Each structure stands twice: as C-alpha cells, then as structure tokens.
1. Go through region 142-151 and count every residue that is surrounded by fewer than 17 Cβ atoms within 10 Å (Cβ to Cβ) and modelled with pLDDT of 90 or more.
2. Is region 104-119 home to any residue that is touching a strand residue (DSSP E or B) at 6+ places or on another chain (Cβ under 7 Å) and either of a type in the set (K, R) or not in a helix (DSSP H, G or I) (or both)?
3. Filter region 66-102 down to residues that are charged (D, E, K, R), within 30 Å of L173 (Cβ to Cβ) and surrounded by 20 or more Cβ atoms within 10 Å (Cβ to Cβ), then give me how many there are.
4. Which of the following residues is without any contact (Cβ under 8 Å) to a residue 12 or more places away in the chain, under 30 Å from P44 (Cα atoms), assigned to a helix (DSSP H, G or I) and out of contact with any strand residue (DSSP E or B) (no Cβ under 6 Å at 6 or more places or on another chain): A193, A183, A126, A137?
5. How many residues, within region 186-198, are at pLDDT 80 or above and either of a type in the set (A, V, I, L, M) or farther than 20 Å from V214 by Cβ (or both)?
6. Out of I223, I204, report the one residue that is in a helix (DSSP H, G or I), crowded, with 19+ Cβ neighbours inside 10 Å and of a type in the set (V, I, T).
7. Could you say which residue among A117, A122 is of a type outside the set (D, E, K, R), out of contact with any helix residue (DSSP H, G or I) (no Cβ under 9 Å at 6 or more places or on another chain) and at negative phi?
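The values are calculated or read from the model by the stated rules, or taken from the named source; none is laboratory data. As the structure is a prediction and not an experimental result, all values here were calculated from the model. All Cβ positions, even for glycine, are placed from backbone atoms using ideal geometry, and neighbour counts span all protein chains on display.
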Amino acid sequence: MPNWAIAVAVAGALVAGLAANRWWARGHDDSSEEGFGVKDIVGPVTTLAVILLAFIMVEALNSYARAREDIGREARALDALGETALRLKSHENSESLQQEFICYSRAVRFKEWKTMAHGDRAPEVAVWTRRLQTELAAMRRAGGDDELDRLIDLDLTRAEARLARITESNSTLPRGLSWLMFASAVVSVLALAVFMSSKVDRRIYVSGLVVFAVLLGGTLYMINDLDSPFSGVNKLEPKELTRISRGLEKDYTAFAPGVLLPCNAEGVAN
C-alpha cells in the first residue's frame, strides 16, 4: 500500500470524524449510564487496532531482521569463496574464479540492489552465477583438487542466501491482514473523532486525537517500510558486501597484478 494512501486515509478519517461529531453531539446525550455506552463500543475497536498493529509490527521487524541476516550470510560465503579460491592448485582456475566473485559482488551491489526495491532480481547477476556453475562443474569433472568440495558447498550457501535475500525483498505480510490492519486503524481514528465526548474541552480532545492519529499513521508507515527492507527510509544497504568486495579486489590485485577483470565497475560483463 502506498505511503501517501496511508497519510490521506488517516487524515481523512480524522477530518470526517470531527465534522460528523458536530451532528452527533447535537442529537445525542452521552451522560446516560444505562445500557452500553459509546465508549463500550469504541474502546474495544481501538484496542483491537492497537493489538493488531503490534502483532504486525513484530512480523515486519522479523522480516527486516531476516533480510539483514541473509545479506550477511551471502557476504560471508563470498568472502570464504575468495579465500578458498586462492588455495587452488590451478593458477588459472583460481584467477578465473576470483574474477567471477568480484564481478558477482559488484553486480549485486550496483544492479540487484536497485531492482530489489521492486522485489526483482538483476539479470546482470545471473551472468556470473551461470559462469560460476559452469566452471565449478568443469572443475568437478577434472577433479584433482582438495578444495573443490568446499568451493561447491560455499557456492551453494551463497546461492541460498541470495535467494532468501530476494525473497525478503517482497512483502511478507498477507494482503488480507494488511488491509485489516489499515481498516482497523482508520476506523479507530474515525470512531474516536465522531464520538468525542461533549464533557471534555474540545481543544484538548482534538489535540490528543491529532497526536494519536499521527502516531497511528506513523506506525502504519513504519510497518509498510520495514516490510520492504530494500526501499524506503529504513532500507538496508550493502555495507558488508561492499567491504567483502573490496577485500576480494585487493587480494586479486596481489594475485594477478595487471590482469583486467571481465566486467566494469558495476559488474556488467565486458
């Protein structure tokens, strides 16, 4: 749900409720203690909205934390892949794999990070994953290197972490639950405004209601933002991956000085 829609809906509910309150106050007397009062209806609705928001906020935070962990797992696997490649017996294989790890990390940082804001993967990254799979398969057929099994296991970890990262870039909250959360928040603001007590100073009540609406709208916005961890105010940045990538580049420069990489600075194949 767009953040502007959240702001418009909450503000609209507040304004509409305050306007409707004038009609309600003229036609009803809230001094009666008999039967169910308005507060007996509005109270549970507001409580339900707050509980629902708290529940969904926890799930959004969990999704955000999982995405951050997937980034770290992928970066650590890539770092271990680079170190293992340095120990290969074949200088040619070692050089080729290091090139692919560097280009892969660049493509993820500069291409896939942008597409994940929309829940997509980058085709530039797929170029390097295919090359890695092809080369590791060729090495397995050739055999003769003790580091091969470790390389394959680490590459599998990298691939799984990448898939998990891309999965978390999409909303994890069910659409029906999101709409229920949104509706309960809007109804709460509307009900509190419509059934404002005539016994309370209007200015004080309206001020408190505005604060409540702002906090409620801010909570909705934050849930929406955290549920899309690669976009918005709290978007995750590839800091650990950038650090690992620069380390790989440094190691490669020392290993094969003067040998150019098969990609540009953003990981696009030459």
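1. 2
2. Filtering region 104-119 down to residues touching a strand residue (DSSP E or B) at 6+ places or on another chain (Cβ under 7 Å) leaves 106.
Next cut, either of a type in the set (K, R) or not in a helix (DSSP H, G or I) (or both) only: 106.
Looking for residues that are touching a strand residue (DSSP E or B) at 6+ places or on another chain (Cβ under 7 Å) and either of a type in the set (K, R) or not in a helix (DSSP H, G or I) (or both), one finds at least one in region 104-119, hence yes.
3. Looking only at that region, the number is 2.
4. A183 is the lone residue from the list that is without any contact (Cβ under 8 Å) to a residue 12 or more places away in the chain, under 30 Å from P44 (Cα atoms), assigned to a helix (DSSP H, G or I) and out of contact with any strand residue (DSSP E or B) (no Cβ under 6 Å at 6 or more places or on another chain).
5. 4
6. Answer to the selection: I223.
7. Step by step, each of A117, A122 is checked, and only A117 is of a type outside the set (D, E, K, R), out of contact with any helix residue (DSSP H, G or I) (no Cβ under 9 Å at 6 or more places or on another chain) and at negative phi.
Yes or no, residue by residue, for (1) in a helix (DSSP H, G or I); (2) at pLDDT 90 or above; (3) hydroxyl-bearing (S, T, Y); (4) surrounded by 15 or more Cβ atoms within 10 Å (Cβ to Cβ):
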{"residue": "V200", "(1), (2), (3), (4)": "no, no, no, no"}
{"residue": "L209", "(1), (2), (3), (4)": "yes, no, no, yes"}
{"residue": "P229", "(1), (2), (3), (4)": "no, yes, no, yes"}
{"residue": "G232", "(1), (2), (3), (4)": "no, no, no, yes"}
{"residue": "S245", "(1), (2), (3), (4)": "yes, yes, yes, yes"}
{"residue": "G267", "(1), (2), (3), (4)": "no, yes, no, yes"}
